[in-house]
Amino acid sequence: QVQLVESGGGLVQAGGSLRLSCAASGGTFSSLTMGWFRQAPGKEREFVAAISGSGLNLYYAASVKGRFLIARENAKKTSYLQMNGLKPEDTAVYYCAAVYRSVEATMRGTEYEFWGQGTQVTVSS
């Protein structure tokens, strides 16, 4: 029903910036809560950021707060993750996710339903 495709990953030096994009197709984009997750080799998937359908309500993991920014452009059916001040520990595969639930619900445990294929982000020291 909803398909998500991430792009923008790559290799960047510590302290640099990168912007990830998540293009959505199908469904009703403005009704979707959009989230970003990441998974490093040998580690569990972790929450990074989320944004409500309106774009007015934003949530961040403590590890990225103040460095990363999540945004969306509903007219383009695209969600973004702007990553600044990158650190080697940010190295991971980053995944875009979506669900037809409030962003508050996702922060309380409601799971995301739709997932992208992931894009690799590597931060060198």
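The values are calculated or read from the model by the stated rules, or taken from the named source; none is laboratory data. This is a predicted model, so every value here is computed, not measured. A quick note on method: Cβ atoms are made from the backbone with ideal geometry, for glycine too, and the neighbour counts reach across all protein chains shown. The accessibility values were calculated without ligands, DNA or RNA, using every heavy atom of the protein model including side chains. Shrake-Rupley method; radii C 1.70, N 1.55, O 1.52, S 1.80 Å.
Among the candidates Gly85, Gly42, the residue that is farther than 16 Å from Glu6 by Cα, free of Cβ contacts under 8 Å to residues at least 24 places away in the same chain and among the small types (Gly, Ala, Ser) is uniquely Gly42.
Please pick out the residue among Glu89, Glu46, Glu73 that is in contact with a Lys or Arg (Cβ under 9 Å, 6 or more places away or on another chain) and modelled with pLDDT of 95 or more. Let's see the steps before the verdict.
Values: Glu89 fails: in contact with a Lys or Arg (Cβ under 9 Å, 6 or more places away or on another chain); Glu73 fails: in contact with a Lys or Arg (Cβ under 9 Å, 6 or more places away or on another chain).
From the options Glu89, Glu46, Glu73, the qualifying one is Glu46.
For the stretch 88-104, a residue qualifies if it is touching a residue at least 60 places away in the same chain (Cβ under 8 Å) and over 12 Å from the mean Cα position of the chain (by Cα), and the qualifying residues are Pro88, Val99, Tyr100, Arg101, Ser102, Val103. Of the strands (runs of 3 or more DSSP E) lying entirely inside the stretch 22-111, the ones with 1 or more residues being more than 28 Å from Ser125 (Cα to Cα) and open to solvent by 40 Å² or more (accessible area, probe 1.4 Å) are found at 58-60, 68-73.
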